[in-house]
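Written out below as structure tokens is the structure these notes cover.
Laboratory data are not the source of any read-out in this text; all were calculated from the coordinates shown. Quick caveat: nothing in here was measured; it's all calculated off a predicted structure. Virtual Cβ from ideal backbone geometry, glycine too; neighbours counted across all protein chains shown.
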Number of protein chains: 2
Amino acid sequence: MTNTANPTLKYYWEDLPVGATIELGSLTVSREEVIEFASKYDPQPFHLDDAAARDTLFGGLAASGWHTAAVTMRLQVTSGLPIAGGIIGAGGELTWPRPTRATDVLHVVSEVIQIQPSKSKPDRGMVTVRSETRNQHGDVLQLTTVRIVVPRRPAAGGAGA
Amino acid sequence: MTNTANPTLKYYWEDLPVGATIELGSLTVSREEVIEFASKYDPQPFHLDDAAARDTLFGGLAASGWHTAAVTMRLQVTSGLPIAGGIIGAGGELTWPRPTRATDVLHVVSEVIQIQPSKSKPDRGMVTVRSETRNQHGDVLQLTTVRIVVPRRPAAGGAGA
């Protein structure tokens with residue numbers, strides 16, 4: 001499954017079978033952005049300054065893991081699945097096997113790994129999506145498994161029938 | 001355990017027993033910041049515009065969950081445990097029971113729930129920290145369980161002995 005540029009296309013819970021794979025676009029993370037994000041949300045030396053980062057576990061300037069998560073979300077929103085109602089996460093898991101470096105080009109591949117109708121709310125279901133965020137060398141920088149709330153397709157005829 | 005303002009105090013793996021609780025500071029999330037973060041990293045209508053948000057699952061403007069995660073990280077860095085080597089997460093789990101709203105005052109309480117020495121690297125260990133991010137009404141907005149890489153206390157005398 002590839003994302004299309006059709007703005008009227010909207011996916012419902014019924015349209016997302018287990019195994020569906022979505023190739024997302026890519027984004028370059030600039031040095032300025034690494035430092036700007038860290039200044040606001042993760043002001044630690046290894047996210048702010050080359051010299052200070054050299055003698056740390058990272059061995060050089062590294063983006064905050066939450067910055068990698070935020071860029072991944074941007075790619076999901078701007079080039080991912082056009083889910084009816086938007087991409088609304090209930091929670092999930094994430095790991096950061098390697099840090100994002102300034103000038104890395106990030107891209108994301110997502111796969112539907114589980115679907116589940118809501119027990120209490122018949123108008124929606126959960127879709128569990130596993131995403132790999134990789135850099136231009138193919139290194140995996142982040143792995144996430146996120147549960148997304150997705151509306152079910154309205155019955156034909158709907159409320160007006 | 002409460003955070004102190006002593007800038008020379010540094011915690012090593014040995015200083016973080018299971019059950020240690022850390023009260024972090026608080027931060028107000030402004031309306032401008034909700035929209036600014038979303039514009040960059042999660043540009044969906046319910047994170048950007050009151051009117052557009054009204055008819056969505058959120059029922060009104062809501063911060064991106066990744067924004068809540070980023071603000072929580074900021075509180076951990078600026079008012080959390082002064083861990084030797086910094087707060088370096090390897091990954092974790094998160095859920096967002098409720099969205100953060102503009103003007104919410106967030107505060108965080110963290111607890112050490114597991115510690116584990118590294119099997120391969122004797123100079124470090126893992127500390128698993130569970131954190132609750134609450135608003136001014138006591139509502140839980142985010143729950144995280146994050147594994148942090150923490151240096152072990154250097155042996156007395158150290159390399160120079």
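Quick one: of B:K10/B:K40; A:K10/A:K119; A:K40/B:K10, which pairs are farther than 28 Å apart, Cα to Cα?
On the way: B:K10/B:K40 34 Å; A:K10/A:K119 23 Å; A:K40/B:K10 23 Å.
Distance filter (> 28 Å) returns B:K10/B:K40.
Got the A:R54 label distances to the other copies yet, label 7 Å along Cα→Cβ, in nm, shortest first?
Those label-point separations list as 5.8 nm.
Defining the label point at 7 Å along Cα→Cβ, can you sort the distances from B:P43 to the same site in each other copy, shortest first, in nm?
2.8
Treating only the Cβ atoms of Lys and Arg (+1) and Asp and Glu (-1) as charged, compute the dipole magnitude of the protein assembly as shown about its Cα centre; round to the nearest 20 debye.
620
Cα centroids of the stretch B:84-142 and the stretch A:81-107: how far apart, whole angstrom?
With the stretch B:84-142 and the stretch A:81-107 each reduced to a Cα centre, they are spaced 19 Å.
Arrange the peptides A:85-92, B:127-134 so that the one whose residues have, on average, the most other Cβ atoms within 10 Å appears first.
For the peptides A:85-92, B:127-134, the packing ranking is B:127-134, A:85-92.
If each DSSP helix of 4+ residues adds -39,500 (n - 2.57) and the sum is divided by the residues in chain B, what number results at 222 nm, nearest 500 deg cm²/dmol? Please list the in-between numbers first.
On the way: 4 runs with 35 residues, N = 161.
After summing the helix terms and dividing by residue count, I get -6000 deg cm²/dmol.
For peptide A:67-73, how many partner chain Cβ atoms fall within 10 Å of a residue's Cβ, on average?
Whole-number average of other-chain Cβ neighbours for A:67-73 is 5.
Under a 5 Å amide H to amide H cut-off, with H placed in plane at 1.01 Å, what residues pair with A:L141 once short-range neighbours are removed?
For A:L141, whose amide H was placed from the backbone, the distant partners under 5 Å are A:T133, A:R134, A:N135.
Could you check what % of the DSSP bridge pairs in the stretch B:1-148 are antiparallel, to the nearest 5?
Here the antiparallel bridges make up roughly 95 percent for the stretch B:1-148.
Please give the helix A:31-41 orientation as an angle from the longest Cα principal axis of chain A, in degrees from 0 to 90, rounded to the nearest 10.
On a 0 to 90 degree scale, this one is about 80.
Using a/c under 1.5 as the rounded threshold, could you call the stretch B:1-105 rounded, prolate or oblate? The axes a ≥ b ≥ c are square roots of the C-alpha gyration tensor eigenvalues, and prolate needs a/b larger than b/c, oblate otherwise.
Verdict is prolate for the stretch B:1-105.
Using a Gaussian network for chain A with springs between C-alpha atoms less than 10 Å apart, which of these wobbles most: A:T21, A:T78, A:T100?
Maximum among the listed residues: A:T78.
For B:I83, what residues show an amide H to amide H distance below 5 Å, using hydrogens built from the backbone and excluding near sequence neighbours?
B:Y11
Using Cα pairs under 8 angstrom and six or more residues apart, how large is the relative contact order of chain B, in percent?
That works out to 28 percent.
Compute the signed sum of charges (Lys and Arg +1, Asp and Glu -1) over the other residues within less than 15 Å, Cβ to Cβ, of A:P43.
That sum, taken over residues with Cβ under 15 Å, equals -2.
If you place +1 on the Cβ of every Lys and Arg and -1 on the Cβ of every Asp and Glu, how big does the dipole about the Cα centre of chain A come out, in debye to the nearest 20? Don't skip to the answer; put the middle values down first.
Working: 15 positive and 16 negative charges, 139 e Å.
Charge dipole, chain A, about its Cα centre: 660 debye, nearest 20.
If you line up the long axis of helix A:65-79 against the longest principal axis of chain A, both from Cα atoms, how many degrees apart are they, to the nearest 10?
In chain A, helix A:65-79 runs at an angle near 40 degrees to the longest axis.
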